[in-house]
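Here is the structure we will look at.
The values are calculated or read from the model by the stated rules, or taken from the named source; none is laboratory data. Only a predicted model underlies this, so the values are computations on that prediction, with no experimental measurement involved. When we count neighbours, we look across all protein chains shown, and the Cβ atoms used for this are built from the backbone with ideal geometry, even at glycine. Each accessible area value is taken on the protein alone, full model and side chains, heavy atoms only, with ligands, DNA and RNA left out. Shrake-Rupley method; radii C 1.70, N 1.55, O 1.52, S 1.80 Å.
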Amino acid sequence: MDEGTRIGSYSRAQHDGGRSMRILVTGGAGYIGSHTCLELLGAGYEVVVVDNLCNSKEESLRRVQELAGRNLEFYKVDLLDKQALHAVFESSPVNAVIHFAGLKAVGESVTDPLRYYHNNVTGALVLCEIMGRHKVKNLVFSSSATVYGDPSEVPIKEDFPLFATNPYGRSKLIIEEILQDLHRADETWNVSLLRYFNPVGAHPSGRIGEDPNGIPNNLLPYITQVAIGRLPELFVFGDDYPTRDGTGVRDYVHVVDLAVGHIRALENIISGPGVVTYNLGTGQGYSVLEMIAAFEKASGKRVPYKIVARRPGDIASCYADPSKAEDELAWSAHRGIDKMTAHAWHWQHDNPNGYGEP
Ligand code: NAD
Ligand code: UFG
């Protein structure tokens, strides 16, 4: 049985006051997970990470600890390995779980749906089973704005109809429904479903950020790789959408704001609200051309681009009504497009090969 690799353990003496909450972060070595671990450590939580490193590197966690000046516990464990996950809960009891671990590439989910359903849905089932066995019933789950499909209007509210357009999105919808059923069966479960819009940017230190494998699917990592010279030019997918300049409009949200949103959701979940759902976005949409212009201004680099055909499955416009999170979690995004693009560039510039070898 693989019980994982422990790379550090938090010394209680470093903490300035009595008992603190222990949080398990699945997928904590990944992009959003690593930024959230840093915020958790900064807020005084003890952090236990479970990640199989299928889409991340242990280096991200080393840097999180360096930035926080505190350690976390890391277990290299696959969520599908029930025995190993049970062993983590035995040796590192926690009060709540933030569940990031999952596969997230939309195109790959279309060509390899079984892998996506197995990893994402079975992974969530195994996690919930082990949580229940250990009487840990507080869960914050990474959902996505993709569960709204192609919305009939914007901004999007939490009670809009839900629809999946690909297996990745369907895996998120299925997990949301499983978690609703779990609470119906046992009301002591508390679950926060966080529907992220488009997470971008990096920690302002430039030490942690997004490190996609291969050619990026998402806009801002593609732009930064063009700017650093790893890719020759950006392809803009369509300029004939019914938007202000014809290119797709999205609600880009700074990853540090998103990470803070998880702390707010955690504080709220511990008060016992049952199942709650929140949009995490800024409420402001930007087009692809506006993102390019903002990046060029922030970085001083030119980003050559070519308009090409629409990408299948893309929608014209998607942005949040984030007022529910504002009202109930006292959360809103503070970092604008200038910081999103500047911090993405700082990270890319200082780490041209991400966490890999220089
Ligand atoms: P990421 O790939 O950087 O992080 C996910 C982490 O989960 C990785 O470190 C990976 O190694 C780990 N993982 C995957 N399967 C695992 C398994 N079976 N066992 C253990 N670890 C496993 O992705 P991210 O951008 O940080 O996204 C985090 C979560 O947020 C995902 O669930 C994703 O679907 C969701 N989300 C992301 C976006 C986005 O655009 N980044 C948007 C909406 C929702
Ligand atoms: N775009 C380009 N060129 C590129 C990449 C993207 O023009 O090389 C455009 C897209 O057409 C879209 C916009 O930039 O108009 C944003 O595209 P992303 O791929 O960055 O993001 P999406 O909105 O398509 O999808 C993201 C995540 C999904 C998630 C969804 C909703 O990748 O996982 O947000 O949260 F489901």
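Label separation (Asp159 vs Glu233): 4.8 nm, computed from points 7 Å beyond Cα along the C-beta direction.
In plain terms, the chain from Ile270 to Asp112 could stretch by 53.2 nm, reckoned as 0.36 nm per residue minus the Cα-Cα distance. Bridge orientation summary for the chain: considering DSSP beta bridges with both residues in this region, about 5 percent are antiparallel.
For segment 93-245, the share of accessible area belonging to carbon and sulfur comes to 53 percent (1.4 Å probe, ligands and nucleic acids excluded). Shown are Glu176, Glu210, whose ranking by accessible area with a 1.4 Å probe and every protein chain present, most to least, is Glu210, Glu176.
Please work out whether segment 230-358 counts as rounded, prolate or oblate from its C-alpha gyration tensor, where a ≥ b ≥ c are the square roots of the eigenvalues and a/c under 1.5 means rounded, while otherwise a/b larger than b/c means prolate and anything else oblate?
Taking the square roots of the gyration eigenvalues as a ≥ b ≥ c, segment 230-358 is oblate.
In the full protein context, the chain carries 42 Å² of accessible surface per residue, based on a 1.4 Å probe and ignoring ligands, DNA and RNA.
If you take the Cα centroid of segment 249-286 and the Cα centroid of segment 330-358, the two points sit 19 Å apart. Accessible area of His118 (1.4 Å probe, protein heavy atoms only, ligands and nucleic acids ignored): about 100 Å². Simple spin-label estimate for Asp150 and Glu58 gives 4.6 nm between the two label positions (7 Å along the Cα-to-Cβ direction from each Cα).
Shape verdict for segment 192-235, please, from the Cα gyration tensor: rounded (a/c under 1.5), prolate (a/b greater than b/c) or oblate. Oblate, because a/c is 1.5 or more while a/b does not exceed b/c.
Per-residue ellipticity at 222 nm from helix content only, as computed over the chain with -39500 (n - 2.57) for each DSSP H run of at least four residues, stands at -11000 deg cm²/dmol. Cross-link partners of Lys297 among aspartates and glutamates, defined as those whose alpha carbon lies under 17 angstrom from its own and excluding same-chain residues fewer than eight positions apart: Asp338. Taking square-rooted eigenvalues a ≥ b ≥ c of the alpha carbon gyration tensor, is segment 140-202 rounded, prolate or oblate, where a/c under 1.5 means rounded and, failing that, a/b exceeding b/c means prolate? Because a/c hits 1.5 or more and a/b exceeds b/c, segment 140-202 counts as prolate. Taking all Cα pairs closer than 8 Å and separated by 6 or more residues, the relative contact order of segment 226-340 comes to 43 percent. For the pair Asn353 and Asn218 in one chain, pulling the backbone fully straight at 0.36 nm per residue adds 46.9 nm over the alpha carbon distance. Based on C-alpha pairs under 8 angstrom that are at least 6 apart in sequence, segment 13-128 has a relative contact order of 29 percent. A crude spin-label estimate for the pair Glu328 and Gln180, with each label 7 Å from Cα along the Cβ direction, gives 1.4 nm.
So what is the relative contact order for the chain, in percent, with contacts set as C-alpha pairs under 8 Å and at least six apart?
Numbers: 721 pairs, mean separation 64.4, N = 358.
Averaging sequence separation for qualifying contacts and normalising by length gives 18 percent for the chain.
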